[in-house]
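What follows is calculated from the coordinates using simple rules that are stated; it is not laboratory data. Bear in mind the structure is a predicted one, so any value in this text is a computation, not a measurement. All Cβ positions, even for glycine, are placed from backbone atoms using ideal geometry, and neighbour counts span all protein chains on display.
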Amino acid sequence: MTAKPILWIVIPCYNEQEVLPITAPQFLQKVQDLAAAGLVSGKSRICFVNDGSRDATWQLICQFARQDEHYIGISQSRNRGHQAAVLAGLMEARDNGADVTISIDCDGQDDINAMDEMVRKYLAGAEVVYGVRSRRDTDTFFKRFTAEGFYHLMNLLGADIVFNHADYRLISSRVLDSFASYHEVNIFLRGMVPLVGFASDTVSYERHERLAGESHYPLSKMLALAFDGITSLSNKPIRLITGIGMLFSILSFIGVVWAVIGALMGSTVAGWASTVCIVCLMGGIQLVCLGVIGEYIGKIYMETKARPRYIISERTWAPYERKYHG
Ligand code: UDP
Ligand code: MG
């Protein structure tokens, strides 16, 4: 490789005014170290994506951008969630001449020193390098249990994701070019990136505690992410439902035969309790099945609308301008 690759570090930020002043200089130092080591170009950038924060996050980002040219920022028109923020940053990087991107959270939980190895693996030929957590000691037992359960469940239900890998990863712009033609609006990057293919590698790192501020991912959001991930990547749940439906049809057929024989032999009793139980059970199962199918229909509904996946309202280097066509 002749010219050194231009690296863009993409960092989603949502209400992070406490932690940004701590981690932003660390990212800057890292980019400068990587450039000094001759691994990346001096034109590399740290791109903050403000995800519609309600606090002073965007003002901070603008301030950083004035201080050092390595810092730049884009702002989403409103809060659209972590996945959309990362996607916006990645596409921005690709459109502005980045050769390679690394997405990472802004809270200092992911070890930035893993970036050296990621870039080395990229230079050695990998187009995607997944950051994989080696240990989860700093997470609470509950977080660890739910998070690891999440990966197992996802794989079981047909979403092929890398175990213990969140959204800390290196992606080359070659992969991003192909990724840009994935137009789905239900985005689950962890599951989509492996689908694009290309040579990939992993780098393991230790996950730390958040340096400041609070997590925006309570259990309810994690469950929503898991459900979205499964239903946007796999049809297995629908198959499972069909299977359950068939099983219960067979069971009820046997039940009917048994009831008819019982009636013919005159040994039936007034089985109010059992009737109610069966009605409830069947009603419950049917509702769950309808719910899952409804979830898929909802996804189709959103896809057919094909709304934009992110809207950038401001940039630190070029303010939003209204474009007139025609
Ligand atoms: N984040 C975001 N939009 C949101 C929620 C979170 O851009 O709606 C960002 C947040 O600023 C952080 C990253 O996503 O950089 C991960 O969030 P967090 O640290 O709260 O989640 P956790 O690490 O606890 O799972
Ligand atoms: Mg975090």
Study note, to complete from the structure: Met118 vs (1) under 15 Å from Pro25 (Cβ atoms); (2) in a helix (DSSP H, G or I); (3) not polar (S, T, N, Q): all pass except (1)
**Study point:** Pairs with Cβ under 6 Å, 6+ apart, first in segment 57-86 and in contact (Cβ under 8 Å) with a residue 60 or more places away in the chain, second of a type in the set (Asp, Glu)
**Key:** Ile74/Glu92; Ser75/Glu314; Gln76/Asp51; Asn79/Asp51; Ala85/Asp51; Val86/Asp167
Study note, to complete from the structure: Residue hits (segment 117-146; in contact with a strand residue (DSSP E or B) (Cβ under 9 Å, 6 or more places away or on another chain) and within 19 Å of His208 (Cα to Cα)) are Glu117, Met118, Tyr130, Gly131, Val132, Arg133, Ser134, Arg135, Arg136, Asp137, Thr138, Asp139
**Study point:** Breaking point among (1) crowded, with 17+ Cβ neighbours inside 10 Å; (2) away from ligand 2 (no atom under 16 Å from the Cβ), for Asp167
**Key:** (2)
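Please count how many residues of segment 64-87 are within 13 Å of the chain's Cα centre (by Cα) and away from ligand 2 (no atom under 16 Å from the Cβ). Talk me through it step by step, then tell me what you get.
Pass one, segment 64-87, residues within 13 Å of the chain's Cα centre (by Cα): 80-87.
Still in the running and away from ligand 2 (no atom under 16 Å from the Cβ): 80, 84, 87.
Residues that pass the stated criteria total 3.
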